[in-house]
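Here the structure is laid out as structure tokens; the discussion comes afterwards.
What follows draws every value from the coordinates through simple rules; no lab data is involved. Remember, predicted model here, so these are calculated numbers, not experimental data. Cβ sites come from the backbone with ideal geometry, for glycine too, and all protein chains shown count toward neighbours.
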Amino acid sequence: MCNEVKIQKAAEILRKSKYTIAFTGAGISVESGIPPFRGDDGIWSKYDPKTLELGFFYENPLESWEVITQLFYDYFGKAQSNKAHIVLAEMEKRGMLKCVITQNIDNLHQQAGSKVVHEFHGNSQKLVCTGCHSYFVPEDMDFDNLPPHCSKCGGLLKPDFIFFGESIPVDAFENSVEAAGKANAVILIGSTGEVMPAAQVPYIAKQNGATIIEVNPEKSNFTRSITDVFLEGKAAEVMEKLNDALFGKK
Ligand code: APR
């Protein structure tokens, strides 16, 4: 568990920082009931990542959609943002955080109130037709009738998040790289740092002189290379302590 001294040190860095960004991964949503991809009990220990490869999706839409529905839409609408998402939104509101750069597609940062969220891997809130590129929302979907097809042109629908082998949304990429280049401090929460190019973002910030504050119950690729202050623990618990150190205990 991270100790009080490190929490105070992190709070001091954040109070002094003129340009702070957050970089988040699946770990920040674990306490909202959404499992991580890697680690014990992770999604990839139960499902084959190939089902989220773009080529596999087009060749085996039913098999891919059966996994997609279990992974993302069975949780859909049930998961609630937790204290970690809420503290980041509060920091933004108080002018202490410029943006959240997230690898997550669960929309929990927006649900918590964050306004500037760069979604490196897209978002599960929309579906797009691979034929006519019309957009739909999951509420319009009949998940008992897979794979879903477009009501306008009959084309195959795809979740609007990024599959393996698919390019990163240009806006999210450019905005994230720009923010990382300006950051004095990064709050890095819940990521193994296994997946590129997303995991480059904290490295870009570090190269530009940013101080890296990492929140994770376990060490990650970042801990061993660029982290300056490692707050060992679960996101909601640690961010609650950081919130108290920054804004005073309520
Ligand atoms: N609080 C904070 N971190 C946690 C918690 C928690 N309660 N529980 C687990 N973690 C940490 C794990 O220790 C691990 O470092 O969250 C991280 C989860 O790692 P991954 O599942 O690999 O998540 P992430 O790094 O976001 O994966 C990146 O991989 O499959 C792709 O597109 C997918 O966006 C995802 C990308």
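Tabulated data for the structure shown
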quantity	calculated
Where labels lie 7 Å past Cα in the beta-carbon direction, separation of K249 and V137 in nm	4.1 nm
Q80 paired with Q8, simple spin-label distance in nm, labels 7 Å along Cα-to-beta-carbon	3.4 nm
DSSP-loop trypsin sites (Lys or Arg not before Pro) across the range 172-239, with at most 10 other Cβ within 10 angstrom	R224
Selection from F56, G42, L97 lying farthest towards where the dipole of the range 35-104 points positive, charges on Cβ	L97
Simple label model, 7 Å out from Cα along Cβ direction - N60 to D48, nm	0.4 nm
Rule-of-thumb Rg ratio for the chain [Cα; 2.2 N^0.38 Å; N residues]	1.03
Under 12 Å, Cβ to Cβ, from S124 - net charge with Lys/Arg +1 and Asp/Glu -1	-2
Value of relative contact order over the chain, rounded to a whole percent, pairs C-alpha under 8 Å and six or more apart	26 percent
Reachable lysines from K50, criterion Cα separation under 17 angstrom, eight or more residues apart if same chain	K158
Helical contribution to [θ] at 222 nm, DSSP H n ≥ 4, -39,500 (n - 2.57), averaged over the chain, rounded to 500	-9000 deg cm²/dmol
Percent of beta bridges antiparallel (DSSP, the range 55-212, rounded to nearest 5)	60 percent
Global geometry of the range 180-250, whether rounded, prolate or oblate, following the gyration tensor of its Cα atoms and the 1.5 cut on a/c	oblate
Additional length obtainable on full extension of the chain from T130 to S225, 0.36 nm per residue less Cα span	30.2 nm
Cα pair distances exceeding 23 angstrom across the range 1-120, given as percent	42 percent
Flagged links, alpha-carbon separation over 32 Å, of K18/K241; K18/K46; K182/K241	K18/K46
Mean separation of Cα contacts under 8 Å, 6 or more apart, over the residue count of the range 170-250: relative contact order %	26 percent
Förster radius 22 Å - calculated FRET efficiency between R94 and E232, Cβ distance, rounded to 0.05	0.30
Added length on full extension, which subtracts the Cα-Cα distance from 0.36 nm per residue, R38 to K115	24.9 nm
